[in-house]
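Rule-based calculations on the coordinates, nothing more; no lab input. Remember, predicted model here, so these are calculated numbers, not experimental data. Quick reminder, even Gly has a Cβ in these numbers, built from the backbone with ideal geometry, and neighbours come from all protein chains shown.
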Amino acid sequence: MKKTYSGCWPTMITPFTDDDKVDFKAIRKLVDWYVDRGADGIFSVCQSSEMFYLTLQEKLDIAKAVVDANQGRIRIIASGHTADDHQQQIDELGAMARTGVDAVVLVSNRMARKEDGSDVFDKNADDIFRQLPDVTFGLYECPFPYLRLLTDEFLGSCARSGKLVFLKDVSCSKEIEKRRVQVVNGTGLSLFCANTATLLDALQYGYSGYNGVMGNFHIDIYKWLYENFKLHPEKARYVMDWLTMAAVTEARCYPVNAKYHCQLTGIPMSLHTRSKDVSLLNENCRMEIESLIRLETRIRTELGLKA
């Protein structure tokens with residue numbers, strides 16, 4: 001079966017004003033920046049968007065704003081079902097589907113408690129699919145507040161039934177990635193790698209693309225890798241090594257540093273976030289982002305990408 005979701009997708013950050021309101025003007029500029037840099041889709045209202053710190057109305061308003069700003073140029077997906085109560089989650093998912101996004105993303109750790117077994121998870125998933133039969137679903141193995149990886153049995157069942165169109169894989173394991181390609185083989189379920197260090201291997205195994213944090217910094221360089229890893233394998237490994245080292249940035253006061261990167265690359269927005277204190281972006285962290293931007297410019301020149 002043809003896989004309809006592929007390519008390189010950033011996990012969208014949420015711009016806020018200094019007085020803690022969603023900055024919709026900056027959202028429109030950020031969407032244009034993603035599209036201009038070659039993104040194939042945008043995962044809005046996700047962990048990078050600080051979805052656990054947003055009200056339900058803010059989540060819906062953000063998703064709708066992204067859909068409107070995009071104007072059908074690329075695919076838009078969104079999550080935001082962060083409630084603990086199962087039925088409340090279903091209500092959140094249904095509301096998100098009505099914003100006009102192409103697919104609604106289930107969050108694996110919301111579908112069962114950490115101490116629950118796969119039987120509870122499977123039961124809750126089946127109930128979501130039953131109550132929302134007309135919604136197109138993806139699934140994200142979000143690492144917060146805890147990481148719940150899918151079982152091969154659940155993934156294979158959803159792939160064969162067509163209940164999921166994509167998975168954002170957060171396993172960070174080449175062994176699991178290789179196995180999952182076999183599990184979904186011959187189905188329409190697309191596998192996206194969220195982990196930079198294993199991305200090239202995942203693409204070689206048969207993954208459909210990249211969906212991760214560092215798309216907020218240089219999605220175009222990921223796009224080069226995606227488009228060229230078969231044509232130029234030696235150079236692709238060099239670019240993969242560069243991306244892997246650059247991805248250390250993810251552990252450095254993200255998403256504040258991503259907003260600083262935006263400020264320096266033509267997307268005006270406040271550094272304010274709800275999940276991290278702006279003071280974490282000290283002088284050293286700022287210099288790291290400034291160095292990263294210089295390195296991005298240099299490797300873009302090497303790859304023939306526009307500055």
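Stretching ALA197 away from VAL278 to a fully extended chain increases their span by 26.4 nm, per 0.36 nm per residue minus the current alpha-carbon distance.
Annotation: the residues THR55, THR244, sorted from fewest to most other C-beta atoms within 10 Å of their own C-beta, follow the order THR55, THR244.
A full extension of the chain between THR17 and ARG298 corresponds to an added length of 98.0 nm, given 0.36 nm per residue minus the alpha carbon distance. Taking a ≥ b ≥ c as the square roots of the eigenvalues of the alpha-carbon gyration tensor, the stretch 1-106 is classed oblate because a/c is 1.5 or more while a/b is no larger than b/c.
Label-to-label distance for CYS285 and ASP84 is 2.9 nm, based on points extended 7 Å past Cα in the beta-carbon direction.
For the chain, what class follows from the C-alpha gyration tensor (a ≥ b ≥ c being the square roots of its eigenvalues): rounded when a/c is under 1.5, otherwise prolate if a/b is larger than b/c, else oblate? In terms of gyration-tensor shape, oblate. Rounded to the nearest 5, the antiparallel percentage of DSSP beta bridges internal to the chain is 5%. Using a cut-off of 28 Å between Cα atoms, the listed pairs LYS29/LYS178; LYS59/LYS163; LYS235/LYS276; LYS64/LYS223; LYS3/LYS114 include LYS29/LYS178; LYS235/LYS276; LYS3/LYS114 as exceeding that distance. Here the gap between ALA251 and ASP119, fully extended at 0.36 nm per residue and compared with their Cα-Cα distance, gives a gain of 44.1 nm. Centroid-to-centroid, using Cα positions, the stretch 161-197 and the stretch 201-227 are 14 Å apart. Using the Cβ-Cβ distance between ASP68 and LYS306 with R0 set to 30 Å, the FRET efficiency works out to roughly 0.70.
With a/c under 1.5 counting as rounded, go ahead and sort the stretch 126-245 into rounded, prolate or oblate using the C-alpha gyration tensor (a ≥ b ≥ c being the square roots of the eigenvalues; past the cut-off, prolate if a/b is larger than b/c, else oblate).
Values: a/c = 2.07, a/b = 1.79, b/c = 1.16.
It comes out prolate by the Cα gyration axes.
Once the Cβ-Cβ distance between THR265 and LEU231 is put in as r, and R0 is 35 Å, what FRET efficiency do you end up with, to the nearest 0.05? My answer for the efficiency is 0.80. Karplus-based coupling profile of the stretch 251-261, in residue order and whole Hz: 8, 10, 6, 6, x, 4, 5, 5, 6, 5, 4, with θ = phi - 60° in 6.51 cos²θ - 1.76 cosθ + 1.60 and x standing for Gly or Pro.
Exposure proxy for LEU54, LEU30: other Cβ atoms within 10 Å of each Cβ, ordered fewest to most, give LEU54, LEU30. Round to a whole angstrom and tell me the spacing of the C-alpha centers of the stretch 54-78 and the stretch 90-120. About 17 Å separates the Cα centre of the stretch 54-78 from the one of the stretch 90-120.
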